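Below you'll find the structure, written out as structure tokens, and then a few comments.
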Amino acid sequence: MVCSGCSSSSATARLLPMSHQHVVLRRFLLGPLYWRPPFCSFPRTFKTLAVHSSASPSPVLAALIAPEASAKVIDGKSVAKQIRDEINTEVSRMKDTIGVVPGLAVILVGDRKDSATYVRNKKKSCELAGINSYEVRLPEDSTEQELLKFISDFNDDPSVHGILVQLPLPSHMNEQNILNAVCIEKDVDGFHPLNIGRLAMRGREPTFVPCTPKGCIELLHRYGISIKGKRAVVIGRSNIVGMPAALLLQREDATVSIVHSRTKNPEEFTRQADIIISAVGQPNMVRGSWIKPGAVIIDVGINPVEDPKSPRGYRLVGDVCYEEASKVASAITPVPGGVGPMTIAMLLSNTLISAKRMHNFQ
Ligand code: NDP
């Protein structure tokens, strides 16, 4: 666990460029109901007001342009609920029409508390969406062969439409062997190399899109944030988040840069981005000064940091210093409550897609 905060150096966020002060003012004057997609230009009349006021701000205006959190909060929790409700409706329609209920099998090896929590959450979400869930828990010292046998059984089971092996696996197991054993038609995590290959190729469609990156893009869509022609930076290049997120963004016609641990001066890249997706695992790494005013921030990182005020002794923060970023960005996901709930919603979505495809149900 890391002890990290970003409040100490919020001076960077205080020294905002004028264009951001316009954004703050616009929000204040037009009220909370006014929110335009972040790449729209300012209303003409307001532009004039902002320019005049910057010359010699009255005390009232000076207060108005004080840097306060102005970014729209991208509420992953409520979008995920909406998606779960939509899936529930589709599951009922499928059940009523052809008598089939989608099924998801989850296999957990070992007794990691965090993994057990994720599995419990997935099970609960399945219930809420009307999807059947099947759970297998194997002891930490299980052999690869034992695990492969369960995967093989689920591959052959027609009531199972999706199979998820909870990661990480114990160190004596070969993750690649295990993930490759899940048949591609049931690989609702979308981790199969063929899926990623298809994602990377023009004119090919992956069988499933990996859940977390899919959730990031879905959030952008549902908030009306256009991707086409935008500059996007993905921080992190893991097989499960960073790389597929970058592939998805370029499929949607963004111009994409990938920043990783060997990138020199990452902030030079992020400062040019209209959209930033961060999947690193470093608390508060992305500071306000790394962000172009008006950019959209999708923070995938989930990092525990010490917090003596919390009953648990820690709290979860993202890769992005929310306090600073929310003063510069036009829209941002919180942690928790941003991408996390979307990952599970996309898992349910992939399971439904799989069941529909297997039963040729439109
Ligand atoms: P990985 O550890 O697999 O990958 C981390 C990536 O970040 C690597 O590509 C690494 O670069 C890069 N990186 C590490 N340090 C830096 C740095 N200082 N500057 C720039 N890049 C850096 O992590 P995951 O992709 O699995 O997860 C990332 C985060 O997302 C974690 O916090 C995880 O908990 C969270 N997560 C959240 C999910 C959700 O549902 N919200 C789902 C999955 C993950 P390199 O390749 O050079 O080593």
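The values are calculated or read from the model by the stated rules, or taken from the named source; none is laboratory data. Remember, it's a predicted structure, so these values are computed and weren't measured experimentally. Quick reminder, even Gly has a Cβ in these numbers, built from the backbone with ideal geometry, and neighbours come from all protein chains shown.
So here's what we get for this one:
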read-out: The one condition in (1) in contact with a Leu (Cβ under 9 Å, 6 or more places away or on another chain); (2) within 16 Å of the ligand (Cβ to nearest atom); (3) assigned to a helix (DSSP H, G or I) that V305 fails to fulfil; value: (3)
read-out: 1 or more residues modelled with pLDDT of 95 or more, closer than 26 Å to G338 by Cβ and not hydrophobic (A, V, I, L, M, F, W, C): qualifying strands (runs of 3 or more DSSP E) within the stretch 81-185; value: 132-138, 162-165
read-out: Candidate set from the stretch 314-338 (those that are in a helix (DSSP H, G or I) and in contact with a Leu (Cβ under 7 Å, 6 or more places away or on another chain)); member that is farthest from the ligand (Cβ to nearest atom); value: K327
read-out: Residue list for the stretch 331-362, filter: of a type outside the set (A, V, I, L, M) and in contact with a Ser or Thr (Cβ under 8 Å, 6 or more places away or on another chain); value: T343, F361
read-out: Of residues in the stretch 185-214 being within 16 Å of the ligand (Cβ to nearest atom) and charged (D, E, K, R), the one farthest from Q250 (Cα to Cα); value: D189
read-out: One residue from I217, I277 being in a helix (DSSP H, G or I), among the β-branched types (V, I, T) and under 12 Å from the mean Cα position of the chain (by Cα); value: I217
read-out: Selected residue (only one of T263, T351, T270, T255 is crowded, with 18+ Cβ neighbours inside 10 Å, of a type in the set (S, T, Y) and assigned by TED's automatic domain parsing to the domain that holds L219); value: T270
read-out: Near pairs, Cβ below 6 angstrom, 6+ apart or cross-chain, from the stretch 256-269 (over 13 Å from D319 (Cα atoms) and hydroxyl-bearing (S, T, Y)) to any residue that is more than 8 Å from the ligand (Cβ to nearest atom) and part of a helix (DSSP H, G or I); value: S257/F269
read-out: In the stretch 245-255, the residues that are more than 10 Å from the ligand (Cβ to nearest atom) and either free of Cβ contacts under 8 Å to residues at least 24 places away in the same chain or not in a strand (DSSP E or B) (or both); value: A246, L247, L248, L249, Q250, R251, E252, D253, A254
read-out: Residues that are within 13 Å of the ligand (Cβ to nearest atom) and more than 18 Å from L220 (Cα to Cα), drawn from the stretch 271-297; value: V280, G281, Q282, P283, N284, M285, V286, R287, W290
